[in-house]
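So the structure is just underneath, and the comments pick up after that.
Since every read-out is calculated from the coordinates, none of them should be taken as a lab result. These numbers come from a predicted model, not from an experiment. With ideal geometry, Cβ positions are generated from the backbone for all residues, glycine too; neighbour counts draw on all protein chains shown.
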Amino acid sequence: MDTKTFKVGPEDVLKVLVWGDTSFTGNYTIHTDGAITLPLIGDIAVGGLTPVAIEPLITTALSKYIVKPLVTVTVQAVFSRRYYIDGEVARSGEFSLQAPTTILDALSKAGGFRDFANLKKIYVLRGDKRIPFNYKEVIHGKNLSQNITLEPGDHIVVP
């Protein structure tokens, strides 16, 4: 994960390392409002920022308590990125999107299909787009380009 480009969101866990000071060093979970809460400092809005962009915010806030604080921020866990699977699968619901995941990967995580699933008419809802996915073709090595990588917020529907 690239600390210069990855933007954090609610429920992600950040590791804040303050060199030479254990009272501020630790893991902080981002609240639903996009902020983390540091001791003495209070809330700092970090949602939608990269770890590299968060470091100067914390450094400035800590300057009141520490002379020239050296702050490093890394992402410990990603929980803000999710996709969803609905319909005729063994386990429908919300899934974490921590690593690049294709439609086929996601369907495997859902534990397989129910008896009456229409494997040729699966689709992904992405915003206002409907992206078709034919499972039968993909597992037989045909039209592999339809096995796209999922994006946060995608809904896979298995009719």
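Observations on the model:
- The residue list Ala99, Ile66, Asn134 was ranked by how far each Cα lies along the charge dipole of the range 62-144 toward its positive end, using unit charges on Cβ atoms, and Ile66 comes out on top.
- The Cβ shell under 14 Å around Leu107 holds other residues with a net charge of +1, Lys and Arg each +1, Asp and Glu each -1.
- Radius 14 Å from Cβ of Val75, net charge of other residues (Lys, Arg +1; Asp, Glu -1): 0
- Sparse packing (at most 11 other Cβ atoms within 10 Å of the Cβ) combined with a DSSP loop state is found for the following chymotrypsin sites (Phe, Trp or Tyr not before Pro) in the range 80-159: Phe116.
- Between helix 51-62 and the chain: long-axis angle, C-alpha atoms, 0 to 90°, nearest 10: 30 degrees
- Extended-chain gain in nm, criterion 0.36 nm per residue less alpha-carbon gap, Asn143 and Lys109: 10.1 nm
- Averaging the Cα positions of each part gives two centres, and for the range 70-98 and the range 1-59 these lie 19 Å apart.
- Entry for P(r) over Cα pairs in 10 Å bins from 0, in percent (calculated from the structure that is shown) out of (1) 8, 23, 34, 29, 6, 0; (2) 10, 33, 22, 17, 12, 5, 0; (3) 9, 25, 24, 14, 12, 10, 4, 1: (2)
- Checking the Cα-Cα distances for Lys7/Lys121; Lys7/Lys64; Lys4/Lys142; Lys15/Lys64 against a 31 Å cut-off, the pairs over it are Lys7/Lys121; Lys4/Lys142.
- Relative contact order of the chain, taken over Cα pairs closer than 8 Å and 6 or more residues apart, is 20 percent.
- Taking the range 6-74 and dividing mean pair separation by its residue count, relative contact order in percent (alpha carbons under 8 Å, at least six apart): 34 percent
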